[in-house]
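Heads up, the thing below is written out as structure tokens.
The values are calculated or read from the model by the stated rules, or taken from the named source; none is laboratory data. Given the structure is predicted, the values throughout are model-derived calculations rather than measurements. As a convention, Cβ positions derive from the backbone with ideal geometry for all residues, glycine included, and neighbour counts pool all protein chains shown.
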Amino acid sequence: MAVAARDGGSGDGRRPPRSARPEAAGTRAAAPRTPGSPRQARSPKQRRDGRRQPQRVRVPVSGTGRFTTAPAAASAARFSGAARTVRYAVDVEGGLPFDAAVFAAQVQRILNDPRSWGHGGRVRFVRVAHGPVAFRVSLASPALTDRLCAPLVTGGELSCRSGNRSVINARRWGQGAVTYGPDLASYREYVVNHEVGHALGHGHEQCPGRGRRAPVMVQQTKSLQGCRINPWPFPG
Ligand SMILES: [Zn+2]
């Protein structure tokens, strides 16, 4: 599917999404409003659940309202021989305390993990900066997320898929979600895989049984329904 890139920052209200899916809020209190002055909070513990955790980052309510597209992945050429490749792009809103190239590299790593939608390399996700793409992964401030996801109510907290754009709420990217507890690294993997799953045509699923791993398309930040957290489509 080839879909032209859009400027998500126009906010002109004339572009309702074809469809969009809201993600559940959980009960986390709203972060302090710190427009224009993002601050980083150092976590006293950098390791949780056996893995190194990124620092939690406070995110302003609003950014510039305009996206910058990350450069193409340096590894794009290597994937040209894969059985099937899917082109995608990464956008990061200006004014957020996240570097576009760093975020893009994280998304690229997640999507090309053997446990992600490529399922062990059968499909490779090629990040490009220009030309047609199947979907975009866009890191947006709470304010821009609300605009892009409307008419769905994301309340400055949720992420969604809007058209071919997987909108990642920067607040959650920086702070995580209640159900993932201190495991911010796994939450980030979950939200990318879940929202890209929508962009690839997957709908929501239910927990198949108490104590089982939650399918990635369960709205895991709303309720695990008795399942365990799981960020991957094919956890192995
Ligand atoms: Zn969803």
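Evaluation of Ala143 against the conditions (1) touching a Ser or Thr at 6+ places or on another chain (Cβ under 8 Å); (2) surrounded by fewer than 23 Cβ atoms within 10 Å (Cβ to Cβ); (3) in contact (Cβ under 8 Å) with a residue 60 or more places away in the chain; (4) not in a helix (DSSP H, G or I) shows that the sole unmet condition is (4). Across segment 113-150, the number of residues qualifying as of a type outside the set (A, V, I, L, M, F, W, C) and under 17 Å from His198 (Cα atoms) comes to 7.
Within segment 180-189, does at least one residue satisfy the condition of being among the acidic types (Asp, Glu), within 11 Å of the ligand (Cβ to nearest atom) and surrounded by fewer than 24 Cβ atoms within 10 Å (Cβ to Cβ)? The answer is no; no qualifying residue exists. The single residue among Gly201, Gly197 that is under 23 Å from Arg87 (Cβ atoms), surrounded by fewer than 20 Cβ atoms within 10 Å (Cβ to Cβ) and within 15 Å of the ligand (Cβ to nearest atom) turns out to be Gly201.
If the condition is being within 23 Å of Ala89 (Cα to Cα), assigned to a loop (DSSP other than H, G, I, E, B) and among the small types (Gly, Ala, Ser), then segment 189-236 contributes Gly201, Gly203. Could you tell me whether any residue of segment 221-230 is more than 12 Å from the ligand (Cβ to nearest atom), touching a Ser or Thr at 6+ places or on another chain (Cβ under 6 Å) and in contact (Cβ under 8 Å) with a residue 40 or more places away in the chain? Looking for residues that are more than 12 Å from the ligand (Cβ to nearest atom), touching a Ser or Thr at 6+ places or on another chain (Cβ under 6 Å) and in contact (Cβ under 8 Å) with a residue 40 or more places away in the chain, one finds at least one in segment 221-230, hence yes. Screening the candidates Ser186, Ser138, Ser116 for the property of being among the hydroxyl-bearing types (Ser, Thr, Tyr), in contact (Cβ under 8 Å) with a residue 60 or more places away in the chain and in a helix (DSSP H, G or I) yields one hit, Ser186.
Per-residue answers, yes or no, for (1) buried (at least 16 other Cβ atoms within 10 Å of the Cβ); (2) part of a loop (DSSP other than H, G, I, E, B); (3) modelled with pLDDT under 95; (4) touching a Cys at 6+ places or on another chain (Cβ under 9 Å):
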{"site": "Ala89", "(1), (2), (3), (4)": "yes, no, no, no"}
{"site": "Leu96", "(1), (2), (3), (4)": "yes, yes, no, no"}
{"site": "Phe103", "(1), (2), (3), (4)": "yes, no, no, no"}
{"site": "Gln108", "(1), (2), (3), (4)": "yes, no, no, no"}
{"site": "Gly120", "(1), (2), (3), (4)": "no, yes, yes, no"}
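Within segment 151-177, restricting attention to residues that are away from the ligand (no atom under 16 Å from the Cβ) and at pLDDT 95 or above, which residue is nearest to Gln219 (Cα to Cα)? Residue satisfying both the conditions and the ranking: Gly176. Looking only at segment 122-140, residues that are surrounded by 21 or more Cβ atoms within 10 Å (Cβ to Cβ), within 30 Å of Gly236 (Cα to Cα) and not charged (D, E, K, R) come to 7 in all. You will find that of Ala177, Ala150, the residue that is more than 30 Å from Arg84 (Cα to Cα), under 14 Å from the mean Cα position of the chain (by Cα) and touching a residue at least 24 places away in the same chain (Cβ under 8 Å) is Ala177 and no other.
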